[in-house]
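Take a look at the structure set out below.
Computed from the coordinates by the stated procedures, all read-outs in this text should not be read as laboratory data. Treat the numbers as computed from the prediction; the structure is a model and nothing was measured. Note that we place each Cβ from the backbone using ideal geometry, even for glycine, and neighbour counts take in every protein chain shown.
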Amino acid sequence: MDMVKIKRIRCAEADGRAQLTALREQLGSQANVVSPRGRQLTRAVFGEELAPIQVVERVCNDVRARGLDALLHYTEQFDRVRLDADRLRVSPEELARAHAGAEPRFLETLRRVRQNLLAFQLGILHRDASLNVADSHELRLRYRPMQRVGICVPGGAASYPSTLLMTVCPAKAAEVREIAVVLPPTPAGAGNPDLLATCHELGVNEVYRVGGAQAVAALAYGVDGLPAVDMIVGPGNIFVALAKQFVQGQVAIDCLAGPSEVVVLADDTASPEFLAADLIAQAEHDPATSILITWHEELLDEVSIALTRQLDTLERGQQARESLETYGALVLARSPAEAVSLVNQIGPEHLHISTSDPESLLDRIDNAGAIFLGHFTPVALGDYVAGPSHVLPTGGTTRFASGLSANDFLRRTSVLSFTPKGLEAMADDVRTLATKEGLTGHAASVEIRRGAGVRPVPKNRRPIPENALARP
């Protein structure tokens, strides 16, 4: 049993923080982490070495220009699956068959988790708000859901029904009318019956056998048989993340969700076995960042021993070991205050505060996607069942980005309604500002109404018929 060779970083050393920064940048938002297979595919498809952003630009521009032909071409090139227009979409019959053949226990789990997610997402949902000033004006903020949303679900090394739950349920809570799911045409993607059964259980009947940057481009620009969406959400590899960034502006996106990461902040009351399990849980994604920060030096040795012991018992232990040795670290801070400062510097996707009094540290944490408090709140609870979505910003982007929620699927619109008296009260201020800006037409649009009173309602006015207001 070889000891895991995970980095040790001591903040007391002159280059301690620099070491931590360098480690984080390996999987940061600007990193170009591509698997050997990914590099080989790039050479095979394009005949040359290209950076990930160059691949994404070529694929997205080609799909935008050539539509379905380009989408099917890149699906064949990257996924080694030849599709035609008739096989692009998974049929409702296939979804129903997968659901009928699913294990009852699995379906029961889906229903319980869906309820957890909907309860939380509905509870935090923004509501219309208003401000009324008597005899003057009313100001309202109105929310309406996105009409059509695309959801990307990974399907490379493993299948992820949890990602469907964590994206579809917030969209359903926001009452999004149309949800299109893209799954790579792989055994862990659209070829996985559990994923298809999950779609059916969640009421999603629009599922497509495409993945990667080409799927993102198809969702953004639309192709024959796959109409464009208003927003794209969901995690993926670097090509998916960069493609979402590329099409942002054409559509909305959730956040830049790249390789998984966790920081565990612990004191001497934490179990080394628990801490090791927390680090491994993220590392088995491979690649992933797993970092322990503590101000108790003996804990580093205890966790290192526990890591080695546990890795040898896990199915994906070797993959997790490689990830830990490449992207992981055991960090010794000089104080709790320095440990908190390091967390804010990193801005991790997941932060687990495993201390005797985690609440005392919580208020000092500014940058984290999701925070897990106490010895009995492992990140896996948030990954799978708790209620908040597990689609979270990574690579230090928690400084300005937030995790996915039902509110991201809502658009807000302000609604203003003034009386003649209310207009009169604000007219002089409008004129002053408009004149300063040289926009005298703005001022005139207010001045022309001053003293006009209330216009009488024509006696022959007809109300708009009810059926004329029905949604198309």
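What ranking do CYS255, CYS152 get, fewest neighbouring Cβ atoms within 10 angstrom at the top? Before the final figure, lay out the partial values.
Numbers: CYS255 24, CYS152 30.
The fewest-first ordering by Cβ neighbours comes to CYS255, CYS152.
Explain nothing, just compute: Karplus ³J(HN,Hα) = 6.51 cos²θ - 1.76 cosθ + 1.60, θ = phi - 60°, for every residue of the stretch 237-245 in order, whole Hz, x for Gly and Pro.
For the stretch 237-245, the Karplus-derived couplings read 6, 4, 5, 5, 4, 5, 5, 4, 5 Hz, x marking Gly and Pro.
Determine ³J(HN,Hα), in whole Hz, for all residues of the stretch 300-312 in sequence, where each value follows from phi through the Karplus function 6.51 cos²θ - 1.76 cosθ + 1.60 and θ = phi - 60°; x replaces Gly and Pro.
Per residue, the Karplus-derived 3J(HN,Hα) values read 4, 5, 5, 5, 4, 5, 5, 4, 4, 5, 6, 4, 6 Hz.
Applying 1/(1 + (r/R0)^6) with R0 = 35 Å to the Cβ-Cβ distance of ARG462 and ALA425, what FRET efficiency is obtained, to the nearest 0.05? Don't skip to the end; give the middle numbers.
Numbers: r = 34 Å, r/R0 = 0.96.
It comes to 0.55.
What are the residues whose amide H is under 5 Å from the amide H of TYR208, where those residues sit 5 or more places off or on another chain and H is modelled from the backbone?
It is VAL90, VAL181, VAL182, LEU183, by chain and number.
Starting from the 7 Å offset along Cα-to-Cβ, what nm value, one decimal, do you get for the label separation of ARG399 and LEU139?
Modelled inter-label distance: 3.2 nm.
Output the peptides 211-221, 167-177 sorted from most to least packed, where packing is the average of other Cβ atoms within 10 Å over each peptide's residues.
On the way: 211-221: 28.2, 167-177: 22.5.
Going by the mean number of other Cβ atoms within 10 Å, highest first, we get 211-221, 167-177.
How would you classify the stretch 164-226 from its alpha-carbon gyration tensor, with a ≥ b ≥ c the square roots of the eigenvalues: rounded for a/c under 1.5, else prolate if a/b is greater than b/c, otherwise oblate? Intermediate results must be reported in sequence, preceding the final value.
Details: a/c = 1.97, a/b = 1.12, b/c = 1.76.
Oblate, because a/c is 1.5 or more while a/b does not exceed b/c.
Inverting the mean 1/r over all pairs of different Cα atoms, compute the Kirkwood radius of the stretch 36-79 and quote it in Å.
10.6
If each residue of separation counts as 0.36 nm, what is the full-extension length gain between MET3 and ALA96 once their alpha-carbon separation is subtracted?
Numbers: separation 93, 0.36 × 93 = 33.48 nm, distance 4.83 nm.
Residue separation times 0.36 nm, minus the Cα-Cα distance, leaves 28.7 nm.
So for the pair GLU447, VAL385, with labels modelled 7 Å out along Cα→Cβ, what separation do we get in nm?
So the label points at GLU447 and VAL385 sit 6.9 nm apart.
Using only the alpha-carbon atoms of the chain, report the extent along each of the three principal axes, biggest first, to the nearest angstrom.
91, 58, 49
Can you work out the FRET efficiency for the pair GLU322 and ALA51, with r the C-beta to C-beta distance and R0 = 25 Å, to the nearest 0.05?
So the FRET efficiency works out to roughly 0.60.
Give me the distance in nm between label points sitting 7 Å out from Cα along the Cα-to-Cβ direction at GLU13 and GLN147, one decimal.
Result: 5.8 nm between the two label points.
Please give the Cα centre distance for the stretch 392-453 versus the stretch 289-308, rounded to the nearest Å.
Their Cα centres are 53 Å away from one another.
When only alpha-carbon atoms count, how far does the stretch 317-381 stretch along each of its three principal axes, as whole angstroms with the largest first?
Principal axes ranked by extent give 37, 27, 21 Å for the Cα atoms.
Expected output is a single nm value to one decimal: the length gained when fully extending between ASN61 and ARG411, i.e. 0.36 nm times separation in residues minus the C-alpha distance. What is it?
123.2 nm
Read phi for every residue in the stretch 418-432 and hand back ³J(HN,Hα) as whole Hz from Karplus 6.51 cos²θ - 1.76 cosθ + 1.60, θ = phi - 60°, with x for Gly and Pro.
10, 8, x, 5, x, 4, 4, 5, 10, 4, 5, 5, 4, 4, 4
Is the shape of the stretch 251-364 best called rounded, prolate or oblate, per the rule: a/c under 1.5 gives rounded, else a/b larger than b/c gives prolate, else oblate, with a ≥ b ≥ c the square roots of the Cα gyration tensor eigenvalues? If you can, show how the numbers build up before the last one.
Details: a/c = 2.01, a/b = 1.04, b/c = 1.94.
In terms of gyration-tensor shape, oblate.
What percent of all Cα-Cα pairs in the stretch 117-180 falls in each 10 Å bin, counting up from 0?
So the P(r) values, bin by bin, are 18, 35, 24, 14, 6, 2, 0.
Rounded to the nearest 0.05, what FRET efficiency do GLU273 and THR109 have when you use their Cβ-Cβ distance and R0 = 25 Å?
Details: r = 26 Å, r/R0 = 1.05.
That gives a FRET efficiency of 0.45.
Quick one: what does P(r) look like for the stretch 123-276 with 5 Å bins over all Cα pairs, in whole %?
For the stretch 123-276, the pair-distance distribution reads 2, 8, 16, 17, 16, 11, 8, 7, 6, 4, 2, 1, 0, 0.
Return the calculated 222 nm mean residue ellipticity for the chain, to the nearest 500 deg cm²/dmol, obtained by summing -39500 (n - 2.57) across DSSP H runs with n ≥ 4 and dividing by the residue count.
Details: 18 runs with 203 residues, N = 472.
It comes out at -13000 deg cm²/dmol, rounded to the nearest 500.
What does the C-alpha gyration tensor say about the overall shape of the stretch 354-403? Classify as rounded when a/c is under 1.5, otherwise prolate if a/b is larger than b/c, or oblate.
On the way: a/c = 2.57, a/b = 1.15, b/c = 2.23.
Here the stretch 354-403 falls in the oblate category.
Could you tell me what percent of the DSSP beta bridges with both partners in the chain are antiparallel, to the nearest 5?
Working: 17 of 55 bridges.
Roughly 30 percent of the DSSP beta bridges within the chain come out antiparallel.
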